[in-house]
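The values are calculated or read from the model by the stated rules, or taken from the named source; none is laboratory data. Bear in mind that the values here come from a model prediction, so they are computed numbers and not experimental data. When we count neighbours, we look across all protein chains shown, and the Cβ atoms used for this are built from the backbone with ideal geometry, even at glycine. These accessible areas exclude ligands, DNA and RNA; they are computed on the full protein's heavy atoms, side chains included. Shrake-Rupley method; radii C 1.70, N 1.55, O 1.52, S 1.80 Å.
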Amino acid sequence: LMTPQKPELAYGHYLAALKREHAFWMDGEQGLKPGAAAKHVVKLADGSVLNRYWDASDAPRDESYREDVELAQQSGRAAPELYREIRSAAESGWDFSSRWFADGKSLATIETTAILPVDLNALLFGLERAIAQGCAARKDADCAMAYGQRAAQRRAAMNQHLWNARAGAYYDLQWRKNAATGRLSAATLYPLFTGAADAQQAAAVAKTVQAQLLRKGGLAKTVAKTGQQWDQPNGWPPRQWIGVQGLRRYGED
């Protein structure tokens, strides 16, 4: 029953788990005012709701305690603030990358919680659509409509705040400054992977990726050379697969 040809049946079967996952990311949304953030949720000035990476702890990481303490001492920043930013980047899986650095170069300037990432929001768009399909499979029309609307609203917010037509790419948003970071990364392929892009956006992304991220052996994660493991020239297997699947979804071979 749960074959790839009928994913909505799988979504219906695992609907409770999918809803719990969504609730984790959206915790704090209720009552949030424009221009404010709570945990993983950010409500922009125009009322759009998008998500960020965020960690509940502001202590050094257990596995890198000495490195975090030394970085805090060298940075001159408030240590708890820096620790939360580091932990939040670790939550993203991109630990570490110039995507999260205020100056695009140095780990000491990390500002993960100020970034609304393309990949996270594309994945949550996919989750909301999956829940809507699962609800439909269970004949719950109200639920299907509610999550379908959530997905549509997120897609609109991504188009408004993360898509850059001139660059032919999705960029992360520094929400506190209301400005795109302007840093190209392989995260631009995630809206293709989850179907959030339209055909014109997908074609533009394919062209941009081919020109700037394609290397001998695969896709680089970013165009920046910082020495961080999630920057050029490194490319990680799961993201290669996501990129290929996203491009194939739109016939961009």
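Could you look at region 49-204 and say what percent of its accessible area is carbon and sulfur, using a 1.4 Å probe and all protein chains? Here it works out to 47 percent. Solvent-accessible surface of region 155-253, averaged per residue with a 1.4 angstrom probe and all protein chains in place: 51 square angstrom. For the pair region 164-214 and region 124-152, the centres of their Cα atoms are 25 angstrom apart.
On C-alpha positions alone, give me the angle between the axis of helix 199-212 and the longest principal axis of the chain, in degrees, nearest 10. Around 30 degrees separate the two axes. With everything on Cα atoms, drop me the angle between helix 237-249 and the longest principal axis of the chain, reported from 0 to 90° to the nearest 10. Helix 237-249 sits at roughly 40 degrees to that axis. Report the local net charge at ALA144: Lys and Arg +1, Asp and Glu -1, summed over other residues whose C-beta lies under 12 Å from its C-beta. Net charge in that neighbourhood comes out at 0.
Per residue, the convex hull around the alpha carbon atoms of region 166-229 comes to 116 Å³. How much net charge surrounds ALA78 when only the other residues with a Cβ under 15 Å from the Cβ of ALA78 are counted, with Lys and Arg +1 and Asp and Glu -1? After counting each charged neighbour, the total is -2.
Over region 6-61, accessible surface divided per residue gives 52 Å², non-protein components excluded, 1.4 Å probe. Counted residue by residue at 0.36 nm each, then reduced by the alpha carbon distance between them, the extension gain from GLN160 to ARG61 reaches 32.1 nm. The share of C-alpha pairs in region 114-253 whose separation exceeds 28 Å stands at 20 percent. Packing around the peptides 129-141, 68-80, 177-189, taken as the average count of other Cβ atoms within 10 Å per residue, puts them in this order, highest first: 177-189, 129-141, 68-80. When the Cα atoms of the chain are aligned to their principal axes, the ranges along those axes come out at 57, 45, 35 Å in descending order. Relative to the longest principal Cα axis of the chain, at what angle does helix 79-92 sit, 0 to 90 degrees, rounded to 10? Its long axis makes an angle of about 40 degrees. Dipole size of region 45-194 about its Cα centre, with +1 on Lys/Arg Cβ and -1 on Asp/Glu Cβ: approximately 660 debye, rounded to the nearest 20. Electrostatic tally near ASP119: other residues with Cβ closer than 14 Å to its Cβ, Lys and Arg +1, Asp and Glu -1, net +3.
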